[in-house]
Each structure stands twice: as structure tokens, then as C-alpha cells.
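Structure first, then comments.
What follows is calculated from the coordinates using simple rules that are stated; it is not laboratory data. Here the structure is a predicted model, which means the values were calculated and not measured. Quick reminder, even Gly has a Cβ in these numbers, built from the backbone with ideal geometry, and neighbours come from all protein chains shown.
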Amino acid sequence: MRRSFLLAIFLSGILAGAKAQDATNEFDADISASGLVPVSWAADSPTLAHLGFDALFGFEYDSPISLQFRVEGGYLRVSASYISSDGELYRGWEGLRIAFFGGYAFAPVPVGKLGRLDASVLVGGALTAADYLDTALAYAYPSWILEPRLLLRIPGHGGSASVQGPWMAIPCELMFRAGAYSLVPGLSLGWRYRLGAIR
Amino acid sequence: MSLNRWCRVLYLGFIAGALALVFASCAQKVEITAPRYALVYGVSTYQSMYLESDQYYPYTSTPAPSKLINLSYSDDDANSIAALMQGEGCTVYSRIKGDVISNDPAQDSTPNKPTKAQMLADISRLASISSDATVILYFSGHGTTNGGTPYIVPYEGVTDAVNYSIDLSACVSPSDLNGMLSQLPTKNLIVIFDTCYSGGFVSPGSAIDASPQDYSSMPSFSAFSTAVANFGSLLSANASASGQKAPIVISAAGSEESSYDGTTAMQHGVFTYFLLQAASKGDSNGDGVVTTTEAFAYTQKAIISWGSSLTAADYANFAPFLPHISGGTRDLVLFTD
């Protein structure tokens with residue numbers, strides 16, 4: 001069901017993008033860093049929190065019909081979890097991941113001289129190549145991501161066509177890791193640069 | 001302050017905050033309230049073999065070939081581990097066969113020898129422990145392989161003093177071990193083997209162990225590049241991972257290499273010498289406990305460092321070897337302060 005939903009978003013985006021060739025299409029690049037508070041659980045094991053961070057770069061296409069497409073990659077590192085009273089915990093890990101998103105951008109809100117505020121919601125999937133910290137054990141896992149975002153577009157020196165600005169997101173990722181699950185809410189701050197527009 | 005600058009300050013502040021959170025997590029103090037048990041076995045002197053004047057002979061007085069000899073420090077390893085775990089409040093059952101002048105079975109009165117049957121009996125004694133308890137099983141002694149299957153060799157595993165043959169039915173294989181441990185009602189199981197070829201007991205689960213089973217054949221390795229190079233197969237292995245709770249196993253050596261008695265200065269096996277150090281020096285995140293992963297990481301790094309300091313002459317007695325640890329997301333506390 002969930003896969004069908006995501007597929008529908010991607011396909012409708014591709015079709016809409018093709019149909020809107022005569023409208024303004026925008027490409028952006030960004031960097032971001034996040035603080036993460038993963039929570040891991042597994043059958044017959046306690047639910048325990050970790051702390052972590054990631055550093056990502058991304059490229060995004062904003063279509064003229066409010067659909068967004070994004071690809072991002074980067075590094076994440078999560079500490080070992082807190083320890084339960086029976087001495088059980090989850091290992092920390094680090095990984096390189098690539099993620100693909102599709103999403104919807106809401107109507108922008110002007111914020112005076114600052115520019116405008118864009119809100120959007122992205123859903124996507126990620127694949128991560130990882131290792132458990134302090135070991136030589138390599139593994140890989142998939143995950144789903146839901147990411148509400150706010151982007152402040154600040155007019156640049158070149159006028160409104162040259163925009164950059166900070167963005168904030170509250171990503172929530174569900175990782176499927178070797179029989180265990182990790183729900184990873186976080187807070188991301190990033191900086192986005194407009195690469196260009198195509199007419 | 002311009003908006004741009006304000007946002008940059010906010011951005012840097014956020015990163016600093018995230019890092020502070022990570023560092024703060026390192027300072028958590030932990031109290032383990034569940035009971036812990038340690039089953040500790042060490043075999044320096046095997047049945048049918050005896051030690052005399054620092055020379056190794058079978059008790060038939062046939063000169064010992066280099067195939068299998070008694071060990072100098074396995075009993076010291078087990079004694080030190082037992083004392084350490086007892087000091088940490090564990091209930092300890094230790095079965096140790098130390099250096100004796102005569103190991104002629106007719107003259108040997110050591111009670112509760114570290115045999116396979118004794119191990120099974122000890123585990124059976126723990127059949128009614130609580131489900132949140134932790135059981136630590138430690139063995140130091142010989143290990144062997146047969147047809148690719150690894151075995152630890154308990155006291156009675158050496159049966160023929162002349163030919164040094166090993167009775168595999170008296171030894172413990174991975175399936176024997178799993179059968180023994182399945183009697184326990186807890187999933188919190190730690191197995192530590194300081195034996196040759198013990199890496200064969202270590203299952204990486206759905207992961208790939210990037211460290212080689214024969215360290216001398218591949219002295220450098222990277223988990224990260226292994227993960228990237230085997231991405232597809234690792235994803236499929238991850239998808240089929242059951243999440244079943246397997247024991248966390250630490251081995252002294254890979255499945256294709258030996259572990260060693262240490263030097264006279266160490267007075268322990270090399271692996272156990274550094275594992276004992278890990279109890280006091282291995283707490284890498286300062287939370288007051290040493291997990292199996294922390295103990296493994298400390299011991300592995302220490303052995304690599306020690307190995308790199310060996311001279312050519314030392315290599316007459318030692319070959320490079322590397323500890324291994326089993327895979328999976330779970331970890332357990334091994335040592336507490």
C-alpha cells in the first residue's frame with residue numbers, strides 16, 4: 001500500500017513535469033546537518049534511545065505544479081543506545097546513505113523584506129551502507145522517511161532570481177535494521193542555493 | 001545582525017547543540033540490577049598429558065611433537081576472569097585445570113574438571129534463572145577444527161597421549177554450544193573463547209565481518225568499504241534477518257588462525273591479558289560500564305598494537321591473530337565498575 005502511494009507520487013510528478021515544460025522549473029542544491037534522537041526496539045528487547053547526527057548534501061527539483069523531487073546523500077553516526085537495567089543495549093552505527101524523495105510544496109507565504117517562506121512535505125526511501133561502531137561488521141539497511149520542511153527564500157544580490165536561504169526540517173525516519181527497528185526523529189538545519197531555473 | 005548572519009549563527013549553534021547532546025550521552029551512568037552469572041573454564045593441563053619441569057610430555061614419556069602441548073596460562077586466564085567477575089557481583093562457577101606435576105588420571109584428584117559434561121551440568125544448574133539475567137560463558141584452552149567445524153577442547157578432549165588424537169565427541173562444537181545455551185531462559189548470553197580457531201563460533205548474522213579469519217593474509221581491512229562493495233547482498237541479508245536473539249560471541253582468533261599463550265611478563269594468554277585490561281580501560285564512552293563491543297574494540301586494538309611491536313625473533317613464537325565479535329544490533333554490558 002505504502003509502496004503504491006510512493007510510486008503514484010513519483011509517476012504523477014514525472015508526468016506533471018513533462019506536461020509543464022513551458023513553466024519555470026527550479027533546481028536547488030543544499031547542505032544540512034541534523035541532530036537525531038533515534039529510538040530502537042526489537043521483539044523481546046527493550047525500547048532504548050540513542051543520540052546521533054548526520055551531515056547531508058542534496059539536489060532538488062521544484063516543479064511548477066508544486067511537486068518536488070529530491071535526492072540526498074551523506075553520512076550519519078549514531079551512538080550506542082542507553083542501557084537497560086538488565087544490561088542490554090543497541091550498538092551504535094555509522095553509515096553512508098542515499099535517499100530519494102517526492103513531495104508537495106504548499107503555497108509560499110511572503111515574509112516582508114526577508115523573502116518568502118516555503119513549506120513542503122517530502123516522503124521517500126533511503127538505503128544505507130553501514131558498520132557497527134567499534135567493530136569490523138558491515139551491514140546495510142533500507143528506511144522510509146517523512147520530512148516536513150520550512151524554507152526561507154532570501155532574495156540575493158542578483159534580485160529575486162538569485163535566491164538562497166536557510167531551511168529547517170523535522171525528518172522522521174523508520175529504519176529496518178537486522179531484525180530491529182529504529183525510529184529516528186531529528187531536527188535539520190540547512191542552507192540552500194538556487195542553481196538555476198529552466199523555462 | 002543581518003538575516004544571513006543570524007541564520008548562519010543559528011546553523012552553527014544547532015550543530016554545536018547536536019554535538020553537545022552526543023557528548024552528554026557519553027556521561028550517562030548505568031546501574032545494572034538484573035542478576036549476572038559467569039561460567040568460567042580453563043584448561044592448562046589436559047587429560048593424558050602432563051607437565052614436568054617446564055617441559056611438555058605426554059605421561060607416557062614419549063617426546064611431545066609440536067602438534068598439541070599443554071598450555072601455560074589458561075588456568076591463570078580462567079582464575080583471573082573468575083576473580084574479576086566475582087568482584088563485580090556475578091555468581092561464578094569456575095572449573096579450572098591448572099598446571100600439575102603429574103596429570104596421570106590415576107593420580108589426579110582435581111574435582112569438577114572442565115569437561116564437556118561439567119559444562120552441560122553447570123548450564124543445567126542455571127535453568128531456572130530469571131529471564132533478565134545475563135550469563136557469561138568463558139573458556140580458555142585448546143581449540144581445533146575438523147572438516148571446517150570448530151571445536152573448543154575441554155579437559156578430556158585429548159585422549160591419546162601418544163598420538164595426541166582428539167576425541168571430538170568430548171569437545172564442544174557450535175551446535176553443541178547452541179544446544180547447551182538453549183536450555184537457559186535468558187536471551188542475554190555472552191560467550192568468550194580464548195582458543196585457537198574460535199572465530200568459527202562467531203556468527204556475523206546479517207552482517208559481513210570485514211576482519212579476516214586469517215589476519216596474516218590480510219593485515220588491513222575496512223568495514224565501510226566492505227559495506228559499500230557488498231551493498232546488494234547485505235541488503236538482502238538484512239531483509240531476511242529474523243531478529244532472533246543469538247549469544248554475543250567474542251573469539252580470541254579467527255577461524256583459520258591460532259591464539260597464543262602470552263609472554264612470561266603477561267602470565268596470561270595474549271587475548272585474555274588484554275581482555276582483562278579492557279575491564280578497567282575499555283570504557284570508551286565514560287558511562288561507567290564496558291560493553292562486549294567496547295571490550296572487543298579495546299582488546300582488538302591492543303592486540304594489533306602489541307603484534308606490531310613484535311620483533312622477527314618473536315615471530316618464532318607468535319603469528320598475527322585478531323579477535324572477532326558476532327554481528328547484530330544488540331549489545332550487552334560485560335564489565336561494570
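Mean per-residue shielding of peptide A:173-179 is 5, counting Cβ atoms of other chains within 10 Å of each Cβ.
Using the beta-carbon distance between residue A:111 and residue A:65 and R0 = 22 Å, what value does 1/(1 + (r/R0)^6) give for FRET efficiency, to the nearest 0.05? Working from the Cβ atoms, E equals 0.40. Computed from backbone phi with θ = phi - 60° and the Karplus coefficients 6.51, -1.76 and 1.60, the 3J(HN,Hα) list for segment A:143-155 is 7, 10, 9, 10, 9, x, 9, 10, 10, 9, 9, 9, x Hz; x is used for glycine and proline.
Taking a ≥ b ≥ c as the square roots of the eigenvalues of the Cα gyration tensor, an a/c ratio of 1.5 or more together with a/b no larger than b/c marks segment B:150-270 as oblate.
Judged by the gyration tensor of its Cα atoms, with axes a ≥ b ≥ c, segment B:201-337 is oblate; a/c meets the 1.5 cut and b/c is at least as large as a/b. The calculated FRET efficiency for the pair residue B:159 and residue B:120, based on their C-beta separation and a Förster distance of 25 Å, comes to about 0.85. Peptide B:222-231 has a mean of 6 when you count, residue by residue, the C-beta atoms of other protein chains within 10 Å of its C-beta.
Extending 7 Å from the Cα toward the beta-carbon at both residue B:169 and residue B:317 defines two label points whose distance is 3.9 nm.
Spin-label model, residue B:263/residue B:229: points 7 Å from Cα along the beta carbon direction are separated by 3.4 nm.
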